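For reference, the structure discussed in these notes is given below.
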Amino acid sequence: MNENEIVISVKDLVKVYPAATHLLGDGGKEKLAVDRISFDIHRGEIFGMLGPNGAGKTTTIKMLSTLLIPTSGTATVLGMDPSKDSMKLRSRINLVSGGERGLYFRLTGRQNLDFFSDMYQVPREKKKKRVQDLLDLVGLTDSADIRVENYSRGMKQRLHLARGLVNEPEVLFLDEPTLGLDPEIARETRALIKKLSREGMTIMLTTHYMFEADELCDRLAIISNGVIKGIGSPYSMKDAVRNDTIIEVEAGEITQSQKEQMKALPGVSAVSLESLEGRMMARMVVMDAATLIPTVASLLEGQRIISIKVDQPTLEDAYLKMVSDK
Amino acid sequence: MINLRAVKAALKQQATHFFVDPQWVIPSIIAPFIFTTVTLFLFSHTGGDLLLYAILGGGVLGMWGNTIQSSSWSIGYDRMNGTLEAIMVTPTSLSSVVLGRCLWNSFIGLLNALAVFLVAQFAFGIDVTLRDPAGFIIALVLTLISLSVLGMVFGAFYVVTRASSALFQMLEFPVYVLSGAVYSLAILPEWTRPFSYVIPATWGAEALKIATFTGYDSLGIGYWGALAILAFTTVIFLALSLRLFTYLEEKAKVSGTLVRY
Ligand SMILES: Nc1ncnc2c1ncn2[C@@H]1O[C@H](COP(=O)(O)OP(=O)(O)OP(=O)(O)O)[C@@H](O)[C@H]1O
Ligand SMILES: [Mg+2]
């Protein structure tokens, strides 16, 4: 296995969703979802895409997994073009999307895996054992013959993962694999993803959580509004805030417009607002804390300021800075 | 393009769905029962060919819509269920999956017909004698397959839109009438003939009636002639539906409409 081999290569990829056409009424506008993104993923790597809602993560994954045709630019997966060699590529990749849907609820877990094994032409003599091994792997052996409609959310998600592995893919795409899972199951899922990666699988995943990306990914791309804002190891993302400081203000009340005013101050690159019990906290990524603190204090005049602290930036702050519009 | 193993798996899956989900029992078993019972109440005093015609039209052929509908719905179901993408991302063509399900639906159509005859025979004590029972069964199987294929043509539109069901509902009734399944072709105006002739079910109905009634041959081509045209038109529709699937899949991959329900 060549660790430096490039398995996925994306160059200037663009996706514009055409305006929807309806029989009645005007169809709406076309939508630029992914805007000239480029990156490479190496064999065996876990590559993450992190970004807010609507950033273009799912769109990117679908273009790479043969489900969407790009508007322009090039994408290569295992040396093939996903939009032209789709049938050949499909037997070597798989896609798992987070969420409730995507399984046959009236069938049992085993019947679901059987069906998809047939769809992938898994050799007959191997099928039975492979399905059983996958059920063991995701811990569903005991519920294998129960209908999926009786599964809990976490069991469904594990079955999804097993489904994504029936063809022993070389490249696995995971769209928000821990969506809606409780912390315990989410952690188990991450452990499984790491295990697959150690066994040589190349994994591309999307997530909303910086800590998840930090824990799982060898490298990640931060995407916002269809544009990649930064790419590299999770640690290197900290470079974005290397020269920044954090001001944390707690007050009885901080309004949305006050948040916007804070964000507009010179030297402020991102502000996030969090409501705690009976009070609110604003976390500001700033260049020079000392000169800004008096301004922030006066901006919040009359709001019962509880505390103003200065802190070191974290990865989360780096992420917020990169995806903030400023 | 068509993969036999996938066809088989889809057929098996459809069968499993059928048995675990009692709601299918209504259109598949109970409805034909009621249909036939009502028909027999209305016509049981007539006897002879007219009664047989009523059983055929009201009972056996009355269930055709069921076959078309379940076949056209097979992709709609995956769209609703969120499994359309999971199937799309496999190296199996959607048409293989749909074909497998359609074959099962055809088989259910056969059971419907059997139910109709059983009701007539045992509940009403009517002696249903067909002129050519073997010929009848062959024609019935082929007709049901042709109806499934027609369902596939409608069903392909589910790849791009859920509005497909509207299309189906719009076309179901004309197919009924034009095929001469329920009413005789003779009562339709002359200009509708070309439409009737391109529908495989028209030839299926003809073959079925020839196999049922002595001396029946309304189109003058005989049993085998009707069967040959049935097979030919079915193959044409199959080819059309396969082309349609490929075309609409590509379209959905540009517009991104695979997942929205
Ligand atoms: N089928 C579609 N047709 C039109 N617009 C779409 C379609 N799918 C997504 N979009 C739009 O494209 C943009 C990117 O969507 P995408 O689903 O790729 O984002 P995402 O990063 O996966 O978001 P999330 O974190 O919410 O899953 C959004 O503005 C979305 O509204
Ligand atoms: Mg998404």
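The values are calculated or read from the model by the stated rules, or taken from the named source; none is laboratory data. Note that the coordinates shown come from a computational prediction; the quantities given were computed from them, not determined experimentally. Cβ: placed from backbone, ideal geometry, glycine included. Neighbour counts: every protein chain shown. Remember, those area values only see protein heavy atoms, side chains included, never the ligands or the DNA or RNA. Shrake-Rupley method; radii C 1.70, N 1.55, O 1.52, S 1.80 Å.
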Problem set entry | When residues of region A:183-227 are limited to those that are open to solvent by less than 10 Å² (accessible area, probe 1.4 Å) and of a type in the set (Val, Ile, Thr), the one nearest to residue A:61 (Cα to Cα) | A:206
Seminar exercise, completed: Counting only residues that are among the basic types (Lys, Arg) and either away from ligand 1 (no atom under 12 Å from the Cβ) or over 15 Å from the mean Cα position of the chain (by Cα) (or both), region A:40-81 contains a total of 1
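Looking for something among the polar types (S, T, N, Q) and open to solvent by less than 10 Å² (accessible area, probe 1.4 Å) - is there at least one such residue anywhere in region A:120-134?
Within region A:120-134 (the criterion being among the polar types (S, T, N, Q) and open to solvent by less than 10 Å² (accessible area, probe 1.4 Å)), the answer is no, since none of the residues qualifies.
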For this session: Output the qualifying pairs, or none if there are none: Cβ atoms under 7 angstrom, residues six or more apart or on different chains, first residue in region B:110-128 and at negative phi, second residue at pLDDT 80 or above and open to solvent by 70 Å² or more (accessible area, probe 1.4 Å).
Result: none
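Condition test on residue A:37, is it more than 13 Å from ligand 1 (Cβ to nearest atom), surrounded by 22 or more Cβ atoms within 10 Å (Cβ to Cβ) and of a type in the set (A, V, I, L, M, F, W, C)?
Here the answer is no, as residue A:37 does not meet what is asked.
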Problem set entry | Output for region A:183-214, where each listed residue is in a strand (DSSP E or B), out of contact with any Ser or Thr (no Cβ under 6 Å at 6 or more places or on another chain) and more than 16 Å from ligand 1 (Cβ to nearest atom) | A:202
Problem set entry | Where a residue in region A:37-54 is in the same structural domain as residue A:179 (by TED's automatic domain parsing) and its partner, wherever it lies, is away from ligand 1 (no atom under 12 Å from the Cβ) and among the aromatic types (Phe, Trp, Tyr), with Cβ under 7 Å and at least six apart | A:41/A:47; A:50/A:319
Problem set entry | Identity of the residue in region A:1-34, modelled with pLDDT under 95 and of a type in the set (Lys, Arg), that ends up most open to solvent (accessible area, probe 1.4 Å) | A:29
